[in-house]
Structure formats: C-alpha cells, structure tokens
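First up is the structure itself, then whatever we jot down about it.
The values are calculated or read from the model by the stated rules, or taken from the named source; none is laboratory data. Everything quoted here is computed from the prediction, not taken from an experiment. Here the Cβ positions follow ideal geometry from the backbone for every residue, glycine too, while neighbour counts run over all protein chains shown. Surface accessibility is based on the protein's heavy atoms, side chains included, excluding ligands, DNA and RNA. Shrake-Rupley method; radii C 1.70, N 1.55, O 1.52, S 1.80 Å.
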Amino acid sequence: MSIDQASWEAAVQHLYEDGFAFIATGPREHEDWRADVLAVMTRAVPDPRGWAGLDDTANDRSPEHPAVPFCRPSFRDDPARPLTPADIGERLHEIDRASAENLLLALTDGGCRLRNLERFTESFEELQDMARTILARYGDAFTCHTNVSSVGHVGTLDFGGTSVGWTPMTYYGEDCGLVVVSETEVGLFWAFDDI
C-alpha cells in the first residue's frame, strides 16, 4: 500500500480527533530503538517527514519536564526520574500486525476497547483501512510493541474480554499505547484517560 502525507494525516485526524492522545513519529537513529522512543516522548526530534501528529498533552509539559506525560509512574521510588530505555523495555511487549491494527482502533478514546468505534459512522472495515493507512507509513518490515496486557495467544491482543490491562507509562489513570518500529522511524500512538 502506498501512502502519502494527506492520507496519513487524514486517518490520524479522523480516528483520534475526539480522544485524548499523543501521536508522533521520530527518526530511528539508534540500534536500540527504545532510545528513539524516548526522544519522541520528550519531543526532542521532529517528524522526519514533517507530517502532523497530535499532542493533546502539550499544555501539561514544561522545560523542566519535557517528557510529560511520559514519566515514571508514582508507584516507583522516584517518580520524577525520567524514563530510561530499560524502563521502556520493561513496559512494552511485541504484538503482531493484526493486533496493532485493532489496537490503533481501540486507542481512539479512553478505555482501549473496540466499542470506542460505535461513535464513528464508518463501517469496521473502513476504520480498519484507516488503521492500515497509518501503519503503511512504516513500510512492510516493522515491529509493533505495546504496554497493553490483554494478551491472547503469544503476541496477540484479545479485545473480546471484559477488561484490558496495561503497564503504566504516564501519571494518568489509564494510558494505553502502541510503538511502531521500522528501520528508519519510530511511531508512538498513545491514548489517555483520567478514570
């Protein structure tokens, strides 16, 4: 699937405009992609293509805390300490592409559930096409990682259960996200809820 700026930005805007989200892509500059994820979280790097993401948390950050809302959750000894690549590795696990497509749809609003799609007028198939458009930016050879722990078979997310678990990456009551890692870019798709 070929992708261009207009179709990618339109899919992002349509899916996440009514949620509370952070969506950004940065360059892949390190062998350890977790360092690149941290650079995107702290807004230290621009989108390598100049494409627009979303940052509904921009007003919460400050020069002293550029990574807000991404920080060590308060259950840790020092919640003010910035996240490290090791922290990222502890909180994320790899998922398959089909799970990533569904997760992009579940992240459209708080709760990380596919029932979030009820507010859209498009069919599930049309919404899946938008998720595929978003992922197409990263080419054919990418990996997907999440802090969501509603896992079925190894690497598969199960959205059919009654609840979704997650490993906190922020100070919000709920934060669920997807990291897409290609050879040249890392994309972050995060939804928040104060529940």
Query raised in the report: Before we move on, is ASN102 within 28 Å of HIS14 (Cα to Cα), outside any loop (DSSP other than H, G, I, E, B) and at pLDDT below 85?
Result: no
Query raised in the report: Taking region 120-135 as the search range and keeping residues that are of a type in the set (A, V, I, L, M, F, W, C) and surrounded by 16 or more Cβ atoms within 10 Å (Cβ to Cβ), which one is farthest from SER182 (Cα to Cα)?
Result: PHE120
Query raised in the report: Looking at region 122-136, is at least one residue closer than 25 Å to TRP51 by Cβ, part of a loop (DSSP other than H, G, I, E, B) and either acidic (Asp, Glu) or modelled with pLDDT under 95 (or both)?
Result: yes
Report summary line: By residue number, the members of region 20-34 that are open to solvent by less than 30 Å² (accessible area, probe 1.4 Å) and touching a helix residue (DSSP H, G or I) at 6+ places or on another chain (Cβ under 8 Å) are ILE23, ALA24, THR25, GLY26, PRO27
Report summary line: Checked region 137-183 for anything open to solvent by 10 Å² or more (accessible area, probe 1.4 Å), modelled with pLDDT of 80 or more, closer than 24 Å to ASP60 by Cβ and assigned to a loop (DSSP other than H, G, I, E, B); matches are THR167, PRO168
